[in-house]
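Notes to accompany the following structure.
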Amino acid sequence: MIKTIIIEIPHQFPPTAWAASSEQQIISIADSRHGLVYERYTLQKALDCWGDDDHIPDELAELLKDHGEAVEIGDTSGTEYCAAEDAGTEIEAAKDAIAHDLSGCHFLTLEEAKEFAHSHRGHQSVEARIAVQNALEDNLGELR
């Protein structure tokens, strides 16, 4: 069952819309298209990955020392470490990766997508409304 319609509005190319049935599907697409990185580390996990304290990246080692747990977040454009309590969720990171370098990106419920298809105003608004309407029709039979 479709839960989310995603509309991607690039700066110059036509908008595209696609449907996702779960948050995990959005995360998987962010990983395959954008190289999503979302990795939680404890000191033990960092030692398992890098072998010893001297090889753990300095920023990660400092966060682990101060907070006990850290997260590496990013995509193919780059990653950063942050304290686990300051990190967003994996789905938030996935949405950020998908939206990176777009003029606009919307993650809509089905009801929001139906409204968007009829009333969106903004950059490439006609093309964006058509893309959403097509995604709804492709995934729900016909626009209700």
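Rule-based calculations on the coordinates, nothing more; no lab input. All figures in this text were calculated on a predicted structure; none of them were measured in a lab. Every residue, glycine among them, receives a Cβ derived from its backbone with ideal geometry; neighbour counts consider all protein chains shown.
Taking only complete DSSP H runs, can you tell me which helices of the chain stretch 15 Å or more along their own long axis by Cα positions and average at least 1.6 on the Kyte-Doolittle scale?
none
Quote to one decimal, in nm, the extra length available between I91 and C49 on full extension: 0.36 nm per residue of separation minus the C-alpha distance between them.
12.7 nm
Normalised by the residues of the chain, what does the relative contact order come to in percent, with Cα pairs under 8 Å and at least six apart?
It comes to 33 percent, rounded to a whole number.
Using modelled amide H (1.01 Å from N, peptide plane; none on Pro or chain starts), what sits under 5 Å from the amide H of G104, excluding residues fewer than 5 places away?
Long-range HN contacts for G104: I9.
Report the calculated FRET efficiency for D138 and C82 (r = Cβ-Cβ distance, R0 = 41 Å), to the nearest 0.05.
Between D138 and C82 the formula returns 0.60.
Give, as a single signed number, the net charge of other residues whose beta carbon lies under 13 Å from the beta carbon of D101, with Lys and Arg counted +1 and Asp and Glu -1.
-2
State the extension gain, in nm to one decimal, for the chain segment bounded by H123 and D101, taking 0.36 nm per residue of separation less the distance between their alpha-carbons.
Going from the current span to full extension adds 6.5 nm.
If I stretch the segment between E111 and T16 completely, what's the gain in nm (0.36 nm per residue apart, minus their alpha carbon distance), one decimal?
Length gained between E111 and T16: 32.4 nm.
Add -39500 (n - 2.57) for each DSSP H run of 4 or more in the chain, then divide by its residues: what number comes out at 222 nm, to the nearest 500 deg cm²/dmol?
When only DSSP H runs of four or more count, the value is -14000 deg cm²/dmol.
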